[in-house]
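**Q** Sharing a structure below in structure tokens format, with a few things to ask.
The values are calculated or read from the model by the stated rules, or taken from the named source; none is laboratory data. Keep in mind the model is a prediction, meaning the values are calculated, not measured. Here the Cβ positions follow ideal geometry from the backbone for every residue, glycine too, while neighbour counts run over all protein chains shown.
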């Protein structure tokens, strides 16, 4: 298959997880001409992901980024895959489940015995050791981290992370795929949180400490960073967008993996997660999204 000038080893792509990241990965792969299978815990979740993809494709068509024909063709390339054994003959399967190592390892343990020998397995983890995840599979040499940024159809970067056993052939195939998707690659060593989140999440955590210690209000902190540092989104607004549970998980990986007190999750972040105030996805986080405009919750 030719895709954007690349002769691809990868032609069929499975995505496990139809949430915000997974449906975004399926979206960009389908637009680039790949056949995509989308899986989640049940058909309703898959259909919800497909509805989101449809809406996002329509938005791209309205803005002139895609023609109606391209939009329709991309949607036709994505099929629901209700059972993991439906990925048996796929060339690449990308796990995009929640940022929880136990959940991810359980998926790989179930998935890998069902796959063809040639299938590459990737994880969209944003922080967890690729070497450790690869050790839970039967193919560590054909396993690597493929970390897309959110929202996937908009963000240009993909972090690629090799585990200790990842073969050159696997890495090159995935690197070529990233190019075919129109993404720029940043290669990271297999350290906790890789590059982007190693830098970004401690900044968000420090913003939460700044709120916790009363240095500034939610609005004050976000306005300061938007206008004073030219950030497109304030750090607390960004935390709500990412999901406070995901932010906490990544900070915990950094704190556990690097054993440095500067990565200690802010107690206020822990409190919000314990309250179930996880940001936009639960309608409350550092802002309350239940009205017409977001209102700070502190």
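**Q** Could you list, in sequence order, the residues of the stretch 51-78 that are exposed (fewer than 15 other Cβ atoms within 10 Å of the Cβ) and either on the phi > 0 side of the Ramachandran plot or not in a helix (DSSP H, G or I) (or both)?
**A** Correct list: 63, 64, 65, 67.
**Q** With the requirement that a residue be in contact with a strand residue (DSSP E or B) (Cβ under 8 Å, 6 or more places away or on another chain), over 16 Å from residue 40 (Cα atoms) and either crowded, with 17+ Cβ neighbours inside 10 Å or without any contact (Cβ under 8 Å) to a residue 40 or more places away in the chain (or both), what does the stretch 88-111 give you?
**A** Filtering the stretch 88-111 down to residues in contact with a strand residue (DSSP E or B) (Cβ under 8 Å, 6 or more places away or on another chain) leaves 89-97, 104, 107-108, 111.
Still in the list and also over 16 Å from residue 40 (Cα atoms): 89-92.
90, 91, 92 - these are the residues of the stretch 88-111 that are in contact with a strand residue (DSSP E or B) (Cβ under 8 Å, 6 or more places away or on another chain), over 16 Å from residue 40 (Cα atoms) and either crowded, with 17+ Cβ neighbours inside 10 Å or without any contact (Cβ under 8 Å) to a residue 40 or more places away in the chain (or both).
**Q** Could you go through the stretch 238-256 and let me know if any residue there is over 20 Å from the mean Cα position of the chain (by Cα), surrounded by fewer than 15 Cβ atoms within 10 Å (Cβ to Cβ) and in a helix (DSSP H, G or I).
**A** Of all residues in the stretch 238-256, those over 20 Å from the mean Cα position of the chain (by Cα) come to 255-256.
Going one step further and asking which of them are surrounded by fewer than 15 Cβ atoms within 10 Å (Cβ to Cβ), we end up with 256.
Restricting the remaining residues to those that are in a helix (DSSP H, G or I) gives 256.
Yes, the stretch 238-256 has at least one match.
**Q** For the stretch 164-171, check the following and say yes or no: at least one residue is within 30 Å of residue 60 (Cβ to Cβ), in contact (Cβ under 8 Å) with a residue 12 or more places away in the chain and crowded, with 22+ Cβ neighbours inside 10 Å.
**A** No: the stretch 164-171 contains no residue that is within 30 Å of residue 60 (Cβ to Cβ), in contact (Cβ under 8 Å) with a residue 12 or more places away in the chain and crowded, with 22+ Cβ neighbours inside 10 Å.
**Q** Looking at (1) within 23 Å of residue 98 (Cβ to Cβ); (2) not in a loop (DSSP other than H, G, I, E, B), which is the one condition that is false for residue 277?
**A** Condition (2) is where residue 277 drops out.
**Q** Also, quick follow-up: Looking at 20, 11, can you tell me which residue is farther than 16 Å from residue 174 by Cα and either modelled with pLDDT of 95 or more or not assigned by TED's automatic domain parsing to the domain that holds residue 245 (or both)?
**A** Working: 11 fails: farther than 16 Å from residue 174 by Cα.
One residue alone meets the criteria, 20.
**Q** May I ask you to verify whether residue 25 is in the same structural domain as residue 120 (by TED's automatic domain parsing), farther than 19 Å from residue 103 by Cβ, at pLDDT 95 or above and surrounded by 24 or more Cβ atoms within 10 Å (Cβ to Cβ)? Let's see the steps before the verdict.
**A** On the way: in the same structural domain as residue 120 (by TED's automatic domain parsing): yes; farther than 19 Å from residue 103 by Cβ: no; at pLDDT 95 or above: yes; surrounded by 24 or more Cβ atoms within 10 Å (Cβ to Cβ): yes.
No; evaluated as a whole, the condition is false for this residue.
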